[in-house]
Amino acid sequence: MLAFALKRLALAVLVAVVVSALAFLLLRASGDVAVALAGEGARSTDIENVRKVYGLDRPLLVQYLDWVGRMLHGDFGESLYFKTDVLALVRDKLPTTALLAVLSLLFALGISLPLGVVAAVYPNSWIDRLCLALAVAGQALPNFFFALILMMVFGVMLQIVPVSGSESWAHFVLPSVALGYYVAPPFMRLTRTGMMDALASDYIRTARAKGLSGASIVLKHALRNALVPVVALTAVQLGFLLGGSVVIETVFALDGLGYLAYKSISHLDLPVTQAIVTLLSFIYVGLTLSADLINAWLDPRIRIG
Amino acid sequence: MPARLSASAFCIALLAATPALAAKRDNSIRFADDQVLENVDPYYNNVRIGVIMSHHIWDTLIYRDPKTSEYKGQLATAWKWIDDRTLELELRKGVKFHNGAGFDADDVIYTFEFTSKPENKVTTLGNVDWIDHVEKLDPYKVRIVTRRPFPAAIEYLSGPLGIHPHAYYAQVGPKGMNEKPIGSGPYRVVEHAVGKYIRLARNPDYFKDSPKPQPKIDKIEVRFIPDRQTQVAEMLSGGLDLIRNVSLDEAQQLRAVPNLQVVSGEIMRYVFLQMDSREKTLAAPLRDQRVRQAIMYAIDRPTMIKSIVGEGARLINVPCFPSQVGCIDQDAPRYAYDPAKAKQLLKEAGVAGIDLDLYAYRDRDQAEAMINYLRAVGIKANLRWVQYAAHRDAVRAGKAPLAHWTWGSFSINDVSAGVSIFHKFAPDDANRDPEIRDLLERGDTSVDPETRKKSYAKALALIAERAYVLPMYSIPINYVATKDLVFTPYPDEIPRFWEMSYK
């Protein structure tokens, strides 16, 4: 188990390093930072001045190594656009995104687990079809459109929740529903498949033969086993959600990491973009790693194979 | 994005059937902008909302009356040019900053000397680097010495150059100024949640002699809402009282909503089509004046104004905004829409089957309309739709035979902030005509108003005659406000909260 964990860990670190280097290169290739930084209407002298002041006239490799060196000391530099400490900026935006991620994940699990279970217990019935329809709609509907519909109905017409902003819990209701519905379908399908496999297995037949109640069989025996792959998916989806949903954050004016990433990319604010990409690749890699380890711990076949 | 348009149309349609609720009124205005303000310190941002905040929280030495374009004293009471590089200003006595500190010459000196140093990294150094140094004659009299003759100084002093309290600024710097802004303007900052909102309250001690009238509205909240659809939804739900930059089609639909008003106003932003006639241009036919003139005749600007640009736009004959000092079009030739003449000019030039790229970065529908007009006379233009920075790179690298620009001149009411940038051999100059350069140089550096006017009139006429750029039109923007808000739009795109009130 230890050898497996170390191997996975090394791979995870490698992935994070490659991602940060790739991001650095791609960002530099995407345009002239000095022009973007100087802004619309800047004069050529402004642009030259920016280039010199920010050290953008140095060779690329020097700039990258300089950044890596400082990052290892916990210094992510200063945002070119916001003119403030990058780490503080990211720390400031992360709670909004994390709250949105956790709430939408809870919403997604809250609807997909019961629906997945019911669909598996009554396969090919109208309930199963309805669940399938909900899942397909969740994936097919563009989430900005769904968000606007929610906003119009609950924010503008019924006026029971605020339309946009992030000041109170009520502000998170619509975005969590919009984003949660978008990530729910894979959970629903995975729960249904897992439950159907579990319900058809030998130990369930034994349990039934022992005369246990239907609910006890489904919830205690089958669901526990069906949830193993769902745990792994949860870790991956949480990583995805922590990356911030640019669309949902933009639509609901939530000042989170996704919107910050979008802003910093459009302003070619390299230190911020770089920090976000690095942070997220670490989170993602970390979550995937923990999912791998949990799975390996739960299922010995994985660590041996 | 068509899907997005249909979504908003759907939402508005839904609403037209719903009685909108009146917003609660506590003598406040809730306003939204789509640009996050990275730093509210006016020297450290280059977004429009920053300019708007700057004029509310801070004062400038001189004030330009938006109605008459007349310069009035604000923190200065009088000024005169001692020579062509020295401007002497008398300062106002008895003005207090929001933190109680009194205003005097030290504030002017510290603000300008701090911001004009390149190592302090102000965002638009060009706004301040014309200042060489500031001399203190007594606590209420200063001399600004410029690096070169700079007649536009008065305009700059009335625009982007707010005055900071020197002791506080020296202590907290731009970062602290962003977190807790202190100025002397008609509104003070109560709370700045960076990236979320700024809350302002009326400054009850605002000096009575200011050319800005005493504010009537008690509280202003500026929220950052990046998505325009969300801003519209907030307007419909009564969560906001004023938004700007609403698209033409949405504005037309919102006119139907009973508790809202749509106000359109021309802004100090003009559109032009730049034609690269340099030696190494990618489209060799553009070297020929007749081909460029053909392009001038090929595009139907009045129809574009009517059908795409919208109410409030004005046709222009020279590339500058009509109110700008030096923007004189009397000597410039007029190019009416005449496709037959365009074809004839192309025939005379002996070119056929021109195929070139047209770069554009905003108002895609306008760029596409131009392409259609050009196609009708036999010029095939391919749209290169890019980000602003890439657009400017392409023009500078000589990769953009045609470039569709909209230019806001940093809201500076002087042609030196516009036409001089594009025709004085700076990197954005795609024509390099020495005669025009010399005329503009004379206009930019002379302090005699008559000499300036003559030089600019001649330069602008030559630009039109030699068809280096096609001047198109000024553009309007649409504001949507709650019905009972008394609101006047101005060309400099600055909503003046201090003069607003409710009916």
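The values are calculated or read from the model by the stated rules, or taken from the named source; none is laboratory data. In this text, all values refer to a predicted model and were calculated from it rather than measured experimentally. Here the Cβ is made from the backbone with ideal geometry for all residues, glycine too, and neighbour counts use every protein chain on show. Note: accessible area is taken over every heavy atom of the protein model, side chains too, but ligands, DNA and RNA are not part of it. Shrake-Rupley method; radii C 1.70, N 1.55, O 1.52, S 1.80 Å.
Sketch the reach of a paramagnetic label on B:Asp218 as a point 7 Å from Cα along Cα-to-Cβ, and name the residues of the stretch B:224-256 whose backbone nitrogen lies under 20 Å away.
Within reach of a label on B:Asp218: B:239-242.
What's the ranking of B:27-33, A:47-53 by average number of surrounding C-beta atoms within 10 Å, highest first? Mind showing how you got there, number by number?
Details: B:27-33: 21.0, A:47-53: 18.3.
Packing order, densest peptide first, comes out as B:27-33, A:47-53.
Under the rule a/c < 1.5 gives rounded, and otherwise a/b versus b/c splits prolate from oblate, where does the protein assembly as shown land using the Cα gyration tensor?
Values: a/c = 1.84, a/b = 1.64, b/c = 1.12.
Cα axes put the protein assembly as shown in the prolate bin.
Give me, ordered by chain and number, the residues 5 or more places off A:Ser245 or on other chains with an amide H under 5 Å from its own placed amide H.
A:Gly258
Provide the per-residue ³J(HN,Hα) series for the stretch B:169-179, in order, calculated from phi with Karplus coefficients 6.51, -1.76, 1.60 and θ = phi - 60°, each as a whole number of Hz, with x at glycine and proline positions.
Values per residue, Gly and Pro as x: 5, 5, 7, 9, x, x, 5, x, 5, 6, 6 Hz.
Report the rotationally averaged projected area of the stretch A:141-239 based on its alpha-carbon convex hull, in square nanometres.
Values: hull surface 34.5 nm².
Seen from a random direction, the Cα hull of the stretch A:141-239 projects 8.6 nm² on average.
Mind giving me the FRET efficiency for B:Lys483 and A:Val153? R0 is 25 Å, r the Cβ-Cβ distance, nearest 0.05 is fine.
0.55
Whose amide H sits under 5 Å from the amide H of B:Ile267, counting only residues 5 or more places off or on another chain, with H placed in the peptide plane?
B:Ile475, B:Ile477
Inverting the mean 1/r over all pairs of different Cα atoms, compute the Kirkwood radius of the stretch A:1-144 and quote it in Å. Mind dumping the intermediate values first?
On the way: mean 1/r = 0.0489 Å⁻¹.
Taking every pair of different Cα atoms in the stretch A:1-144, averaging 1/r and inverting gives 20.4 Å.
Treating the angle as unsigned and between 0 and 90°, give the value, to the nearest 10°, between the Cα long axis of helix A:126-140 and the longest Cα principal axis of chain A.
10
Over the stretch A:1-119, calculate the relative contact order: mean separation of alpha carbon pairs under 8 Å at least 6 apart, over the residue count, as a percent.
12
Of the beta bridges DSSP finds with both residues in chain B, what % are antiparallel, to the nearest 5? Show your work: numbers first, answer last.
Numbers: 56 of 74 bridges.
That works out to approximately 75 percent antiparallel.
Using a probe radius of 1.4 Å on heavy atoms only, what accessible surface per residue do you get for the stretch A:11-81? Whole Å² is fine.
Values: 3600 Å² over 71 residues.
Using a 1.4 Å probe on heavy atoms only, each residue of the stretch A:11-81 averages 51 Å².
Can you give the relative contact order of the stretch B:339-484 as a percent, counting alpha carbon pairs under 8 Å and 6+ residues apart? Don't skip to the end; give the middle numbers.
Working: 151 pairs, mean separation 22.4, N = 146.
The value is 15 percent.
Considering only DSSP beta bridges where both residues belong to the protein assembly as shown, give the percentage that are antiparallel (nearest 5). Before the final figure, lay out the partial values.
Details: 57 of 75 bridges.
Around 75 percent of the beta bridges assigned by DSSP in the protein assembly as shown are antiparallel ones.
Would chain B count as rounded, prolate or oblate if I go by the C-alpha gyration tensor, calling it rounded below 1.5 in a/c and otherwise prolate when a/b exceeds b/c, oblate otherwise? Present the calculation step by step, with values, prior to reporting the outcome.
On the way: a/c = 2.18, a/b = 1.23, b/c = 1.76.
Oblate.
Pop out the ³J(HN,Hα) list for the stretch B:392-397 in order, Karplus 6.51 cos²θ - 1.76 cosθ + 1.60 with θ = phi - 60°, rounded to Hz; leave Gly and Pro as x.
Rounded to whole hertz, the list is 5, 4, 5, 4, 5, 7.
Give the A-B buried accessible area in Å², both sides summed, 1.4 Å probe, nearest 100. Can you show the working numbers first?
Details: alone 16470 and 20720 Å², together 33050 Å².
It comes to approximately 4100 Å² buried between A and B.
Compute the relative contact order of chain B as a whole-number percentage, counting only Cα pairs closer than 8 Å that sit 6 or more residues apart in sequence.
Details: 1048 pairs, mean separation 97.9, N = 503.
Taking the mean separation of contacting Cα pairs over the length of chain B, I get 19 percent.
Quick one: helix A:270-298 against the long Cα principal axis of chain A, what's the angle to the nearest 10°, folded into 0 to 90?
20
Among all the lysines, which ones have a C-alpha under 29 Å from A:Lys93's C-alpha, if same-chain residues fewer than 8 places away are not counted?
A:Lys83, A:Lys263, B:Lys121, B:Lys175, B:Lys180, B:Lys196, B:Lys219
Once phi is turned into θ = phi - 60°, what whole-Hz ³J(HN,Hα) does the Karplus curve with 6.51, -1.76 and 1.60 give for every residue of the stretch B:330-337, x standing for Gly and Pro?
Residue by residue, the stretch B:330-337 yields 5, 8, 7, x, 9, 10, 7, 5 Hz.
Need one number: nm distance between label points at A:Val15 and B:Ala426, each 7 Å from Cα along Cα→Cβ, rounded to one decimal.
Taking the simple label geometry, A:Val15 and B:Ala426 are separated by 4.9 nm.
Ranked highest first by the average count of other Cβ atoms within 10 Å around their residues, in what order do B:400-406, B:368-374 fall? Spell out each step's value before the answer.
Numbers: B:400-406: 25.0, B:368-374: 19.4.
Sorting B:400-406, B:368-374 by mean packing, highest first, produces B:400-406, B:368-374.
Using only alpha-carbon positions, what ratio does the radius of gyration of chain A give when scaled by 2.2 N^0.38 Å? Can you show the working numbers first?
Values: Rg = 23.7 Å, N = 305, 2.2 N^0.38 = 19.3 Å.
Rg over 2.2 N^0.38 Å, computed on Cα atoms: 1.22.
Just to make sure I understand: if all protein chains stay in place, what is the order of B:Lys380, B:Lys306 by accessible area at 1.4 Å, largest first?
The residues order as B:Lys306, B:Lys380, largest area first.
Check which residues have an amide H placed less than 5 Å from B:Leu75's amide H, if you skip close sequence neighbours.
Under 5 Å from the amide H of B:Leu75 lie the amide H atoms of B:Thr60, B:Leu61, B:Ile62, each far enough along the sequence or on another chain.
In the stretch B:331-356, whose amide N lies under 15 Å from the spot 7 Å out along Cα-to-Cβ of B:Lys306? List them in ranges.
B:337-338
With a ≥ b ≥ c the root eigenvalues of the C-alpha gyration tensor of the stretch B:299-442, is it rounded (a/c under 1.5), prolate (a/b larger than b/c) or oblate?
rounded
Determine the shielding of peptide A:247-260 by partner chains: average, over its residues, the number of Cβ atoms on other chains within 10 angstrom of each Cβ.
Values: counts 1, 0, 2, 6, 6, 4, 14, 2, 8, 1, 0, 0, 5, 2.
Taking all residues of A:247-260 together, the mean is 4.
Taking B:Lys341 as the anchor, which aspartates and glutamates have their alpha carbon closer than 14 Å to its alpha carbon, excluding any fewer than eight residues away along the same chain?
B:Asp300
Please determine, in degrees from 0 to 90 and to the nearest 10, the orientation of helix A:173-199 with respect to the longest principal axis defined by the Cα atoms of chain A, where the helix direction is its Cα long axis.
So the helix axis and the longest Cα principal axis differ by about 40 degrees.
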